[in-house]
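S.K.: Got a structure for you, questions after.
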Amino acid sequence: MSAFSALRPPEPATPHPPSFPAPDPVVDADLCRQCGACWTICPARAIDESARPLEFDYDRCIRCCCCIEVCPYGALHTVDPLPGRMIRKLIARFS
């Protein structure tokens with residue numbers, strides 16, 4: 001049981017795909033200490049706390065990045081998926 005367990009929402013948020021390819025949260029396994037801050041705060045319950053290193057269920061993830069904000073070790077960051085990178089390049093090119 002983590003000190004953050006009281007922060008877990010009572011019910012998971014309804015999963016939905018982002019309307020624009022948003023960056024995916026990823027974990028740096030070398031920095032992660034399995035403290036529980038990220039998976040207890042995740043409103044979509046998209047983080048598998050039993051996996052070593054942590055795994056994200058990107059079908060459930062709502063890309064809110066709450067997990068990144070609460071990580072005390074800086075082990076989480078985002079990575080743009082390929083469609084997102086392509087769209088951003090096209091927007092930049094034709095803007």
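The values are calculated or read from the model by the stated rules, or taken from the named source; none is laboratory data. Predicted, not measured: the structure shown is a model, and the values here were computed from it. Neighbour counts run over all protein chains shown; Cβ positions are idealised from the backbone, glycine included.
S.K.: Of P15, P21, which residue is over 10 Å from the mean Cα position of the chain (by Cα), surrounded by fewer than 16 Cβ atoms within 10 Å (Cβ to Cβ), on the phi < 0 side of the Ramachandran plot and at pLDDT below 90?
M.R.: The conditions single out P15.
S.K.: What pairs can you find where one residue is in segment 32-54 and without any contact (Cβ under 8 Å) to a residue 12 or more places away in the chain, the other is of a type in the set (A, V, I, L, M) and part of a loop (DSSP other than H, G, I, E, B), and their Cβ atoms are less than 8 Å apart, with a gap of 6+ or different chains?
M.R.: Once the first residue is without any contact (Cβ under 8 Å) to a residue 12 or more places away in the chain and sits in segment 32-54, its partners that are of a type in the set (A, V, I, L, M) and part of a loop (DSSP other than H, G, I, E, B) give D48/L54.
S.K.: Being part of a helix (DSSP H, G or I) and touching a helix residue (DSSP H, G or I) at 6+ places or on another chain (Cβ under 6 Å) is the filter; apply it to segment 53-84 and report the residue that is surrounded by the most Cβ atoms within 10 Å (Cβ to Cβ).
M.R.: Ranking the candidates gives C67 first.
S.K.: Something else now. Just name the residue that is nearest to the chain's Cα centre (by Cα) out of those in segment 27-52 that are small (G, A, S) and buried (at least 16 other Cβ atoms within 10 Å of the Cβ).
M.R.: A46
S.K.: Condition test on T40, is it in a helix (DSSP H, G or I), at pLDDT 90 or above and among the β-branched types (V, I, T)?
M.R.: yes
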